[in-house]
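Here's the structure, in structure tokens; my notes come after.
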Amino acid sequence: MSLVLDPTAQDLLFREARTAQTFSDEPVTEEQVQAIYDLVKYGPTAFNQTPLRITLVRSAEARERLVPLMAEGNRAKTATAPLTAILAADNEFHEELPRLFPAFPQAKDAFFSERPAREASAGMNAALQAAYFIVGVRAAGLAAGPMTGFDFGGVQKEFLDGDHTPLMIVNIGKPGENAAFPRAPRLAYDEVVTTV
């Protein structure tokens, strides 16, 4: 094997992991979410900017506000998932850079003084962190159901503010019955990788 990671862990994180469409009613604890974050926070981002912000939708009241903002095909699973997370990019991440990137604290002003530069960087780096988050959910033995089918403006207005841009919504929990669609094909190595 060319990979150091144990094959069982490889399966848990990638080969056997599936995007869940249904969930059991087993709750997702705060301790599980804390463990997920404490693992995935080490994934790299540019300048260690870590712009991902996570809003956990736990209360019935909050879920009632979120479900109508989901695309029709995502409403039922969001209504019944044990936990739903709104993943967003913090466009004011630069305020934390002097602490997060002490090797060059001037990066805050040197590279990110203009809002468009911050938005572009926050979006790309928070998307990286969102991918780490999904893998972290799998590492906790849970299933993730990431979705981009929702009213982005509505979610921002209802749950965030003008400094936070929603990226995706992720349902989290133990898979329920008929949780996954059949495995879809993937591109082969030689269709993706080019050597120059």
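The values are calculated or read from the model by the stated rules, or taken from the named source; none is laboratory data. As the structure is a computational prediction, the values presented were derived from the model and not from experiment. Cβ: placed from backbone, ideal geometry, glycine included. Neighbour counts: every protein chain shown. Quick note on the areas: whole protein, heavy atoms, side chains included, nothing else; ligands and nucleic acids left out. Shrake-Rupley method; radii C 1.70, N 1.55, O 1.52, S 1.80 Å.
Note on the chain: with charges restricted to the Cβ of Lys and Arg (+1) and Asp and Glu (-1), its dipole about the Cα centre is near 260 debye. Once you have a ≥ b ≥ c as the square roots of the Cα gyration tensor eigenvalues for segment 13-56, tell me rounded if a/c is under 1.5, and otherwise prolate or oblate according to whether a/b is larger than b/c. It comes out prolate by the Cα gyration axes.
Among the GluC sites (Glu not before Pro) in segment 135-196, those located in a DSSP loop and surrounded by at most 13 other Cβ atoms within 10 Å of their own Cβ are 177. The mean sequence separation of alpha-carbon pairs under 8 Å and at least six residues apart, normalised by the residue count of the chain, gives a relative contact order of 35 percent.
Ranking 21, 128, 36 by Cα position along the charge dipole of the chain, where only Lys, Arg, Asp and Glu carry charges on their C-beta atoms, puts 21 farthest toward the positive end. Global size of the chain: 18.1, 54 Å for Rg and Dmax (C-alpha atoms, Rg to one decimal, Dmax whole). Solvent exposure of the chain, expressed per residue, is 57 Å² of accessible area, with all protein chains present and a 1.4 angstrom probe. Net charge dipole, segment 6-121: roughly 240 debye, given to the nearest 20, about the Cα centre with Cβ charges of +1 for Lys and Arg and -1 for Asp and Glu.
Starting at the first residue of segment 71-86, write each ³J(HN,Hα) from the Karplus equation 6.51 cos²θ - 1.76 cosθ + 1.60 with θ = phi - 60°, in whole Hz, x for Gly and Pro. Values per residue, Gly and Pro as x: 4, 3, x, 9, 6, 4, 5, 6, 5, 10, 5, x, 8, 10, 10, 9 Hz.
Once you sort the root eigenvalues of the Cα gyration tensor of segment 144-195 as a ≥ b ≥ c, which label holds: rounded (a/c under 1.5), prolate (a/b larger than b/c) or oblate (the other case)?
Working: a/c = 3.59, a/b = 1.47, b/c = 2.43.
It comes out oblate by the Cα gyration axes.
Across segment 137-147, coupling constants 3J(HN,Hα) worked out from phi with the 6.51/-1.76/1.60 Karplus curve, θ = phi - 60°, read 4, 5, 5, 7, x, 10, 10, 10, x, x, 9 Hz, and Gly and Pro carry x.
In order along segment 164-172, the phi-based Karplus estimate (6.51 cos²θ - 1.76 cosθ + 1.60, θ = phi - 60°) of 3J(HN,Hα) comes to 10, 9, x, 10, 7, 10, 10, 7, 9 Hz; Gly and Pro are listed as x.
Heavy atoms only, probe 1.4 Å: what % of the accessible area of segment 62-145 goes to carbon and sulfur, would you let me know? The partial results should precede the final answer.
Details: 2120 of 3610 Å².
Using a 1.4 Å probe with all protein chains present, segment 62-145 comes out at 59 percent carbon and sulfur.
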